[in-house]
Structure formats: structure tokens, C-alpha cells
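Encoded as C-alpha cells, the structure appears first; notes follow it.
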Amino acid sequence: MAGDRGPKGGDGDTSVRVAVRVRPQTEKEINAREKECITCAVKTRQATIGQHSFTFDYLYDQNCTQQEIYDQSVRPLVDAAIAGYNATIFAYGQTGSGKTYTMGSAAWNAVEAEQVGMLPR
């Protein structure tokens with residue numbers, strides 16, 4: 001269709017959509033009694049750090065599953081790519097923030113089925 005730009009994002013037609021996943025604390029962080037510094041309001045897609053709030057197209061808290069992320073954020077892009085649109089998914093963040101776990105670029109056969117990341121799905 002002329003003028004059709006592919007699937008619509010969280011807030012309408014857009015080229016770039018941002019999804020944020022807040023990972024749960026590691027065992028080391030829990031044992032050290034580290035404080036969680038990010039509060040997630042999933043329904044409003046707002047993450048709050050201190051006095052600052054940020055709104056994203058998709059927000060996943062510490063309790064989300066790999067399947068939820070795939071179904072809500074990745075699958076529409078896969079479908080669009082199959083329909084002939086360009087789509088890119090990439091992970092960005094500091095070391096230890098959960099990029100490899102979320103994307104699933106570690107040894108796929110050594111991971112439980114529900115923990116498999118985005119790439120092998």
C-alpha cells in the first residue's frame with residue numbers, strides 16, 4: 001500500500017519503538033542487601049528512578065517472562081519482516097544488565113525452554 005509504513009507502535013505510527021526490561025536483582029545483590037533503584041508502573045509504561053520518571057513504548061518489570069517480551073515486542077516485528085518491512089531488534093545497556101539473557105545469544109541448548117531468549121524463538 002502506498003504510504004503504509006508497517007505495524008503501528010505503542011503510541012501510533014512510528015519508526016522507532018523503545019522497550020525497557022528491568023532485570024531482577026542478582027543473588028549477589030540480594031545478599032549484599034542492595035536497594036532496588038527502579039520502580040516500574042507497567043500499565044502506564046513508566047519507570048521511575050529517584051525523582052525522575054521515564055515513559056517507554058514497552059516496559060517490562062522484574063517479573064516478566066521471556067515469552068511476554070517476545071509476544072508483545074518482538075513477534076510484531078518478525079511478522080512485519082516476513083511481510084517485507086525492515087525490522088531491527090537490538091539490546092543496549094551496561095555490562096550485567098541482562099542483554100545476553102534477554103536476547104538469548106548464550107548456549108541455547110543449556111537453557112530451560114521458558115528462559116530461551118528472543119533470537120532462538
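The values are calculated or read from the model by the stated rules, or taken from the named source; none is laboratory data. Everything numeric here is computed off the predicted structure, so don't read it as measured data. For neighbour counting, all protein chains shown are included, and Cβ atoms are generated from backbone atoms with ideal geometry for every residue, glycine included. Areas reflect the complete protein model, heavy atoms only, side chains present, ligands, DNA and RNA absent. Shrake-Rupley method; radii C 1.70, N 1.55, O 1.52, S 1.80 Å.
The set of residues from the stretch 38-55 being assigned to a loop (DSSP other than H, G, I, E, B) and either open to solvent by 90 Å² or more (accessible area, probe 1.4 Å) or at pLDDT below 90 (or both) comprises just one member, Gln51.
Apart from one condition, Asn63 fits all of (1) modelled with pLDDT under 75; (2) open to solvent by 60 Å² or more (accessible area, probe 1.4 Å); (3) under 13 Å from the mean Cα position of the chain (by Cα); the exception is (1). Residues of the stretch 88-106 that are open to solvent by less than 50 Å² (accessible area, probe 1.4 Å), under 19 Å from Val18 (Cβ atoms) and in a loop (DSSP other than H, G, I, E, B): Ala91, Gly93, Ser97, Gly98.
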